[in-house]
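One structure is given below, encoded as structure tokens.
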Amino acid sequence: MNKKLTAIALLVLSGCAAHPVIQQKAADWHPSVASPQFASGSGPRVLVDAAHGNFHTIDGRFAPFGELLRADGYRVGSAGLPVTPELLATADVFVIANAVKGGENAKWILPTPPAFEPAEVAALATWVHDGGSLLLVADHMPFPGSVANLADAFGVVFLNGYAKKSASEGGTLIFTRAGGLADHPIVRGRDASEEVTALKAFTGQAFRAVVPVAPLMRMPPDWAVFYPYEAGEFTSTTPAESARGLVQGAVLHHGQGRVAVFGEAAMFSAQSAINGDKVVRMGMNDPEASQNAQFVLNVLHWLSGLLPD
């Protein structure tokens, strides 16, 4: 590439229905890429945040994401330091997935404190404006509240709740071309082999934007965003608002850079959790999510400038 990539993808990753889900972990899942975009270890440098209590890190629940990218030739590493211009100068794509102040010891109740300091938000906004690429993922509450100030810097309004069909139903959703999955180069890919016709998400938030964005995943109009005081605790009086007009995935430009924002995280990983005597699969290892891996690659290709708008 002729110039350094500075596109930020905002990924909100989860798949966790309550806090804490100690048994939730990266699955023993090993992806393969038929035609890698880059020779092994020669692609853009992707740094995955691990300095802000992240529920998903490249050495933990987000390991399958890193393995998939490495199979495509990307260079993937962990960022265990606060965000500074010096750190960002070592990245082409910076990934933030489910940051939460306090990490595993955080109390998933309201109010939700910010995970990023104002100076870190400013550094990220400047870096993207000058050409960087950001992938920002914030799952259901408390993750949207943890990075609301960062999303706001890019004109995105995160809703610190759960996007669900109803208070008593789950938030798992399959987006299709006939229902919510937008027509965009990320969805179409570069040829028929990369086209995504169905994408599965595993309970997250929904958001809106106050700047022009290209929606990728539109929420069903009969769904809602529920706002519990404590994560995973719902009653008949839990506050809610309609999800009509909201999205769970979108991309945008910020200055010269690119930003990808998502309100669900498990769809970008491959995880398993114990539910009684059953093993529950969440993400790219789910049989109903067979195209999620291609979607993840398409998102990274867009952030890397390989796909047009």
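The values are calculated or read from the model by the stated rules, or taken from the named source; none is laboratory data. Bear in mind that the values here come from a model prediction, so they are computed numbers and not experimental data. Counting neighbours? That spans all protein chains shown, and the Cβs are built from the backbone with ideal geometry, glycine included.
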- Message: Cβ-Cβ distance below 6 Å, separation of 6 or more or different chains: which pairs start in the stretch 169-191 with a residue that is more than 21 Å from ASP222 (Cα to Cα) and at pLDDT 95 or above and end on one that is part of a loop (DSSP other than H, G, I, E, B) and of a type in the set (A, V, I, L, M)?
- Response: PRO185/LEU307; VAL187/VAL196
- Residues satisfying the stated conditions in the stretch 68-96, i.e. touching an Asp or Glu at 6+ places or on another chain (Cβ under 8 Å) and either part of a loop (DSSP other than H, G, I, E, B) or surrounded by fewer than 16 Cβ atoms within 10 Å (Cβ to Cβ) (or both): PRO82, VAL83, THR84
- Give me a count of the residues in the stretch 33-67 that are of a type in the set (A, V, I, L, M) and either part of a loop (DSSP other than H, G, I, E, B) or more than 15 Å from the chain's Cα centre (by Cα) (or both). 6
- Query: Tally time: how many residues in the stretch 234-255 are touching a residue at least 12 places away in the same chain (Cβ under 8 Å), over 18 Å from VAL137 (Cα atoms) and assigned to a loop (DSSP other than H, G, I, E, B)?
  - Reply: 9
- Of these, ALA115, ALA99, which one is in contact with a strand residue (DSSP E or B) (Cβ under 8 Å, 6 or more places away or on another chain), surrounded by 24 or more Cβ atoms within 10 Å (Cβ to Cβ), in contact (Cβ under 8 Å) with a residue 12 or more places away in the chain and part of a loop (DSSP other than H, G, I, E, B)? ALA99
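Here's the yes/no breakdown for (1) of a type in the set (S, T, N, Q); (2) closer than 21 Å to HIS254 by Cα; (3) surrounded by 16 or more Cβ atoms within 10 Å (Cβ to Cβ):
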| position | (1), (2), (3) |
| --- | --- |
| ALA148 | no, yes, yes |
| PHE154 | no, yes, yes |
| ALA167 | no, no, no |
| LEU173 | no, no, yes |
| GLY180 | no, no, yes |
| PRO185 | no, yes, yes |
| ASP191 | no, no, no |
| THR197 | yes, no, no |
| GLY204 | no, no, yes |
